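Encoded as C-alpha cells, the structure appears first; notes follow it.
The values are calculated or read from the model by the stated rules, or taken from the named source; none is laboratory data. Every value quoted in this text rests on a predicted model; they were computed, and no experiment measured them. All Cβ positions, even for glycine, are placed from backbone atoms using ideal geometry, and neighbour counts span all protein chains on display.
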Amino acid sequence: MRNFTAGEYIVWDYVSTMFRPLRMPLFFLISGMLAASKMDRPLSDSWGKTAGLLVLCSIWTALFCVKLALPGGRDGLPYPPLEQVALAFLLPVQFWFIWALPVYYLIAWWLERAFGARSVYALAPMALLSLSSWWIGRATDGVMQPPFDPAHIQALCSNLLWFYLGCKGKAIWIDCVSRGNLRRFGVAIATYLILAGTALYFDAIEKVAVFLTPFALWAAMELLGCIDYTHPAARICDALGRQTLPIYVMHVFVLTAMTLVVRVLELDGVLPYESLAVQLGLPVLVGVGVVIFCRVVSSVLSGLPGLRYFVEPAPSPFAKSVRAVQRPLGVSNR
C-alpha cells in the first residue's frame, strides 16, 4: 500500500487498532479450546503442537535472516549483528504467534499435571500478567532492533490468559456459541465499540485492552453462533481457517517480493493516496492476493518429498523409539 500510493493506510490502520483487543485474543482462545482435549496426553503425542512448531518457526526465522542479506531485503538498513540474529531465534519476534503456541501449550500441560483441577487458579496470576503486559512491553521495547520486528513480549504476556481461558473454559465457550443471538451481539458490539472508541480517542487502547477483550470475545461468540455453517461462503472460510499455517510463515516474504516488483516496475505512487476507494480496497486486494499465492505455493510444496515440512511441522523423530519402548511394558498409545 505504501509503495503503490506513497502514503499510509489510515482507514485500515484505525480499524486494525480498534479491533486489536479482539484479533489475537480470539486466535489464542480458539487455540486453547483446540488444545484442551490434548492435555491428558503425554508430550510425545504432541510433537506437532510443541517442538514441531518451534522447529518450523526456526526454519522460517533462518530464511528471514537470509532474506535480510539480499539486496532490498532490509530497506537500506545494515545487516543485524550476530547477537540480534541469535535473539531472533530465542524470542517471539517475526513469527511470534507460532513461537507462542508451543510455549502456552507447555505451560497449560504442566499446570494440568502439577495441580489438576486446582490449575484453574492459575488464571489469577495470568490476569495480573496480562494487566502488566503494556508496561512489560515498554520495558523490553529495545531488545530487538530494525530490520527485525520488535520483540512481542507484550503480546506474549497479554495473550496467555486467553489461551488458558480457552483451555479451561472450553465447554462454557461452546455453550455461549450454541446460544448465539443477534440481539445480544448488537448489544455486545455496541458496548465494545463505545469503549474501544473512547480508549482510541485517548490513545490508551493498548493499556486497557485486557478490559476491552471480554466484550470483544462476547460479541464474537454471539456472532459465531448466528452463522449458517452450511452456507458455501462459510464452508470456504472454514476450509481456509484450517489451512492458515502456510500463510503465517510465508506472507512476510510474499509482501517483500511484491514491494520489490513495485519498485522495479517503477509503480511507486501511481495510485491516488487521497482516494477513499483506494484506501479501502487496495489492502483487501493485496491481502486476498497474498492468501491465494501462499495457498498455491503450500499446495505445491506439500506434494514434494521433504519440502512439505516447510509448511507443516515435521513428525517426531522419537515416535518410533517411544512406541518400541512402550509396547514391551504393555503401555497403550492413547
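Tabulated data
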{"read-out": "Filter result (under 29 Å from Val290 (Cα atoms), at pLDDT 95 or above and among the hydroxyl-bearing types (Ser, Thr, Tyr)) within the range 186-243", "value": "Thr213"}
{"read-out": "Test: residue in the range 69-84 that is in a loop (DSSP other than H, G, I, E, B) and polar (S, T, N, Q)", "value": "no"}
{"read-out": "Residue in the range 13-26 that is surrounded by 20 or more Cβ atoms within 10 Å (Cβ to Cβ), closer than 29 Å to Val284 by Cα and among the polar types (S, T, N, Q) present", "value": "no"}
{"read-out": "Ala108, sole failed condition from (1) modelled with pLDDT of 95 or more; (2) over 25 Å from Arg41 (Cβ atoms); (3) crowded, with 19+ Cβ neighbours inside 10 Å", "value": "(2)"}
{"read-out": "Phe115, sole failed condition from (1) of a type in the set (Phe, Trp, Tyr); (2) under 25 Å from Ser44 (Cα atoms); (3) surrounded by 18 or more Cβ atoms within 10 Å (Cβ to Cβ)", "value": "(3)"}
{"read-out": "Residue in the range 122-133 that is farthest from Ile153 (Cα to Cα), counting only those that are out of contact with any Ser or Thr (no Cβ under 8 Å at 6 or more places or on another chain) and not aliphatic (A, V, I, L, M)", "value": "Pro125"}
{"read-out": "Residue in the range 168-177 that is assigned to a loop (DSSP other than H, G, I, E, B), small (Gly, Ala, Ser), more than 23 Å from the chain's Cα centre (by Cα) and surrounded by 13 or more Cβ atoms within 10 Å (Cβ to Cβ) present", "value": "no"}
{"read-out": "Condition check for Ser44: of a type in the set (S, T, N, Q), in a helix (DSSP H, G or I) and crowded, with 19+ Cβ neighbours inside 10 Å", "value": "no"}
{"read-out": "Test for Ile136: is it in a helix (DSSP H, G or I), touching a Cys at 6+ places or on another chain (Cβ under 7 Å) and without any contact (Cβ under 8 Å) to a residue 40 or more places away in the chain", "value": "yes"}
{"read-out": "Residue match in the range 195-218 (condition: among the polar types (S, T, N, Q) and closer than 30 Å to Lys67 by Cα)", "value": "no"}
{"read-out": "Condition broken by Ile292, with the remaining ones in (1) on the phi < 0 side of the Ramachandran plot; (2) in contact (Cβ under 8 Å) with a residue 60 or more places away in the chain satisfied", "value": "(2)"}
{"read-out": "Scan of the range 264-306 for residues that are in a helix (DSSP H, G or I) and hydroxyl-bearing (Ser, Thr, Tyr), ordered by number", "value": "Ser298, Ser299, Ser302"}
{"read-out": "Matching entry among Leu43, Leu54 (being out of contact with any His (no Cβ under 6 Å at 6 or more places or on another chain) and without any contact (Cβ under 8 Å) to a residue 60 or more places away in the chain)", "value": "Leu54"}
{"read-out": "Among (1) in a helix (DSSP H, G or I); (2) touching a Cys at 6+ places or on another chain (Cβ under 9 Å) - the single one Gln94 does not satisfy", "value": "(1)"}
{"read-out": "Residue within the range 152-165 that is modelled with pLDDT of 95 or more, buried (at least 17 other Cβ atoms within 10 Å of the Cβ) and not in a helix (DSSP H, G or I) present", "value": "yes"}
{"read-out": "Members of the range 307-321 that are surrounded by 13 or more Cβ atoms within 10 Å (Cβ to Cβ), of a type in the set (A, V, I, L, M) and either modelled with pLDDT of 85 or more or in a loop (DSSP other than H, G, I, E, B) (or both)", "value": "Val311, Ala314"}
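Quick grid of which residues meet (1) over 30 Å from Lys170 (Cα atoms); (2) at pLDDT 95 or above:
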{"position": "Arg2", "(1), (2)": "yes, no"}
{"position": "Gly7", "(1), (2)": "yes, no"}
{"position": "Trp12", "(1), (2)": "yes, no"}
{"position": "Pro25", "(1), (2)": "no, yes"}
{"position": "Gly32", "(1), (2)": "no, yes"}
{"position": "Pro42", "(1), (2)": "no, no"}
{"position": "Ala51", "(1), (2)": "no, no"}
{"position": "Leu70", "(1), (2)": "yes, no"}
{"position": "Leu82", "(1), (2)": "yes, yes"}
